[in-house]
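Each remark here refers to the structure printed beneath this line.
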Amino acid sequence: MPDVAVTVLAVLVSVAAWRGLAAASLIAAVVGGASMVVAWVLGVGDRRTVWMVAAVAIIVIVVAGWRCDVERAGLVPERLGSFEGWVHVVDDPQPLRSSTRVILEVDGQRFESFVRGRAAQIRSDEWRAGQWVSMSGTRRTLDVDRVSRVGWQHVVGEFEIEWASDVHDGGAVARASNRVRAAIERAAADLPDDDGALFRGLVIGDDRDQPWPMIDRFRASGLSHLTAVSGQNVSFVLAAAGPLLTRVRAGPRWALTLGLIAWFVAITRFEPSIVRAGVMAGLSATAFAIGRERAPVRILALAVIGLLILDPLLVWSVGFWLSVGATFGVSALGPLLAARLALVDPTGVLALPVGVTLGAQVGVALPSLLVFGRLPLVSIPANLLAVPVAGAVMLLGLPIGLLAGWCPPLAPVLMAPFRFGTRWVDTVARIGERLEPDPPAQVIGWVVVAVVVSAVVVLAGRRGQGDRDEPSSRGQTGARHGDSSPHG
């Protein structure tokens, strides 16, 4: 199936997963009718292939809509009222401005809990994902607006904690991932001020201890994606393990690669962006192992289709769509813009990073504007300055951070270089926040950027066409004068 067809199918599956079975049935009917027309136009020879592709597309679309209805119907508490017993901590507690939010699994269903004031004495900030906590509380329903905001996490209600006591460390996977994160936390503690919190955010996406001023300036400068683990982190982990993986035969190397991806997804708490990146990395590794094409846009579309069939509530996750949009922009638009910019870039140094940055901004423009109401203008220069340094921290931070965490005497020496990396990234965010213009000037700035980029792309296209035509015209001229070859 061509890449364009897979991408269109991913969009249709996204719509079906968002609207449910009714929308899926309508989309499937349209796809079926269009397939009949295509089969008739292409003729008898291609009809079987067209019908097979159409049948698969219809089944996938209907299944996505059906799964959406099933999952949405499950966002209702089966039991309400008091509860006393063991609950499962689904995710690390998240500090907010006036409380701490934690997602708990009670009797097989997820509830969110806000620890405030006197209740904070239960020390919920020490809980970790995967642990079991003995507690008592009351289960309540959520209003419709709140359900739509937290539904992607499969949260069905609110749990008001009354008391909590014993803590059990959980299963083997939870214990292993928490040990890794604890080692990174110990290593980050050797960095001064807020650098340690930023280091953890860059390496494993742990932004729990980042102060709100830091969070605000990273959002204002368009750098908040750096502390949300994604495909860049996965690629750096695989790159760090590359020297070892290349020494293994093809079959075991594929299995080890998938295991390494799954391990990293587990320690980063299965965030939507990292799950998307992990699935794409797994598909890419599998395609490489069996000798198939690894087109990034195609792999992205297949990952979106598979994830939305398994968990259609991901369509409610802003982080998921920001991740998908940025990946699409980098994969589809980035290379095209970079190729055009390279024709007018005398140094050849800025074309690729500028093209990739612009592609990513185009990819996240729609969800950013719809949800946050802004798209920082300074994000372009800020990313150009911060991403290379942040990438170095991501690449080296996990292996060196683990070594520093497991060998505390070596931590001050091993972690010292990361102070300059985190400080650089934070400084770029501070300057970007100060330089970001207000909305009227911001809109004008983006219009100017769009005009300049369009003009550069058009100019580069004409120059590229001229370069292709010039050798041809020289050859024709030489042929007329008899000097185009030694035999003339």
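The values are calculated or read from the model by the stated rules, or taken from the named source; none is laboratory data. What you are looking at is a predicted structure, and each value in this text was computed from that prediction instead of being measured. Quick reminder, even Gly has a Cβ in these numbers, built from the backbone with ideal geometry, and neighbours come from all protein chains shown. Just the protein is used for accessible areas: all its heavy atoms, side chains included, with ligands, DNA and RNA removed. Shrake-Rupley method; radii C 1.70, N 1.55, O 1.52, S 1.80 Å.
Looking at Leu370, Leu343, Leu302, which one is free of Cβ contacts under 8 Å to residues at least 24 places away in the same chain and either open to solvent by 40 Å² or more (accessible area, probe 1.4 Å) or charged (D, E, K, R) (or both)? Give the steps one after another, and end with the answer.
On the way: Leu343 fails: free of Cβ contacts under 8 Å to residues at least 24 places away in the same chain; Leu302 fails: free of Cβ contacts under 8 Å to residues at least 24 places away in the same chain.
Criteria check complete, one pass: Leu370.
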Quiz item: Between a first residue in segment 189-214 that is basic (Lys, Arg) and a second residue that is buried (at least 16 other Cβ atoms within 10 Å of the Cβ) and modelled with pLDDT under 90, which pairs have beta carbons less than 7 Å apart while being 6 or more apart in sequence or on different chains?
Solution: Arg200/Asp206; Arg208/Pro95
Quiz prompt | Residue, farthest from Val393 (Cα to Cα), within segment 140-189, restricted to residues that are open to solvent by 20 Å² or more (accessible area, probe 1.4 Å) and of a type in the set (Phe, Trp, Tyr) | solution = Trp163
Exercise. Considering each residue of segment 434-446, count those that are open to solvent by less than 80 Å² (accessible area, probe 1.4 Å) and assigned to a helix (DSSP H, G or I), and give that number.
Key: 4
Quiz prompt | Residue, nearest to Gly319 (Cα to Cα), within segment 190-224, restricted to residues that are open to solvent by 10 Å² or more (accessible area, probe 1.4 Å) and of a type in the set (Asp, Glu) | solution = Asp207
Exercise. Starting from segment 77-99, take each residue that is over 30 Å from Gly201 (Cα atoms) and list its partners that are among the charged types (D, E, K, R) and at pLDDT 90 or above, counting only C-beta distances under 7 angstrom and pairs at least six apart or across chains.
Key: Pro77/Arg139; Arg79/Asp107; Arg79/Arg139; Leu80/Arg139; Leu80/Arg140; Gly81/Arg139; Phe83/Arg139
Quiz item: Restricting attention to segment 91-139, and to residues there that are modelled with pLDDT of 95 or more and open to solvent by 40 Å² or more (accessible area, probe 1.4 Å), which single residue is farthest from the chain's Cα centre (by Cα)?
Solution: Trp132
Quiz item: Looking at segment 321-331, is at least one residue more than 19 Å from Leu384 (Cβ to Cβ) and surrounded by fewer than 18 Cβ atoms within 10 Å (Cβ to Cβ)?
Solution: no
Quiz item: Any idea how many residues of segment 396-433 are in a helix (DSSP H, G or I) and open to solvent by less than 60 Å² (accessible area, probe 1.4 Å)?
Solution: 20
